[in-house]
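> After the structure tokens below, expect a handful of questions from me.
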Amino acid sequence: MKENYPELKLENQICFRVYRLNRAITNHYRPFLNELDLTYPQYLVMMALWEKDGIPVNSLSETLKLDTGTLSPLLKRLEATGYIHRKRSKEDERTVIIKLTKAGTELQKKAIEVPHEMANCLDLSEEEYLSLRETLDKLILKAEQR
């Protein structure tokens, strides 16, 4: 006979809701990012570089919360598409610096509409958006502290 454990039901899991939300949002991003020839993780890399260009791989890894084993293939692909280039630091040969190319910098102008399109997809008021962002930040902080 099957036991009934409500704590194990999918409908009671926050993680399942977060997973579904992540998939839904990523699916909304896909058509916009396809036009830019980017995957969602590559888009995150580009946003980080548009914010601060010429940073070491380890800083980018820390910013994006991605290990270097995950980040390296993303950077190789972005370099192959001509959006970034990697160069060893003159001060420390062990450090690899990531810089935007001209094409990578120009891509920012094309990407400017993506956040607006995503805001339209989610259809949240500014108040709802800010409240959700605050709640998510609290949850992330608590989850990362454990």
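Read the figures in this text as sums done on the coordinates, not as results from a lab. Keep in mind that what you see is a predicted model, and the values were worked out from it rather than measured. Note that we place each Cβ from the backbone using ideal geometry, even for glycine, and neighbour counts take in every protein chain shown.
> Report the charge-dipole magnitude of the chain in Debye, nearest 20, computed about the Cα centre from +1 at each Lys and Arg Cβ and -1 at each Asp and Glu Cβ.
Dipole of the chain, to the nearest 20 debye: 600 debye.
> Counting other Cβ atoms within 10 Å, which trypsin sites (Lys or Arg not before Pro) in region 16-67 have at most 15 and lie in a DSSP loop?
The qualifying sites are Lys52, Lys65.
> Quick one: Asp123, Asp137, fewest Cβ neighbours within 10 Å first, how do they rank?
Result, fewest neighbours first: Asp123, Asp137.
> Then there's this: Among Leu75, Ala103, Ala48, which residue has its Cα positioned farthest towards the positive end of the charge dipole of region 39-104, with +1 placed on the Cβ of Lys and Arg, -1 on the Cβ of Asp and Glu, and the dipole taken about the Cα centre?
Ala103
> Could I ask something else about it? Just rank Cys121, Cys15, fewest to most, by other beta-carbon atoms within 10 angstrom. Walk me through the intermediate numbers first.
On the way: Cys121 14, Cys15 9.
With the fewest neighbours first, Cys121, Cys15 line up as Cys15, Cys121.
> Taking the beta-carbon count within 10 Å as an exposure proxy, list Arg88, Arg146 from fewest neighbours to most.
Ascending number of Cβ neighbours within 10 Å: Arg146, Arg88.
> Next up: Looking at the chain, do any whole DSSP H helices span at least 27 angstrom along their long axis by alpha carbon and average -0.5 or above on Kyte-Doolittle, and which?
14-36
> Between Tyr19 and Glu106, take the C-beta separation as r, use R0 = 35 Å, and let me know the FRET efficiency to the nearest 0.05.
That gives a FRET efficiency of 0.50.
> Compute the Cα gyration tensor for the chain, then decide on rounded, prolate or oblate, letting a ≥ b ≥ c be the square roots of its eigenvalues: rounded whenever a/c is under 1.5, prolate when a/b is larger than b/c in the other cases, and oblate in all that remain.
In terms of gyration-tensor shape, prolate.
> R0 = 41 Å: FRET efficiency of Asp53 with Tyr5, Cβ-based, nearest 0.05?
Result of the calculation: an efficiency of 0.20.
> Let me spell out the model: positive unit charges on the Cβ of Lys and Arg, negative unit charges on the Cβ of Asp and Glu, origin at the Cα centre of region 39-104. What dipole size does that give, in debye rounded to 20?
220
> GluC sites (Glu not before Pro) within region 1-31: which are DSSP loop residues with at most 15 other Cβ atoms inside 10 Å?
Glu3
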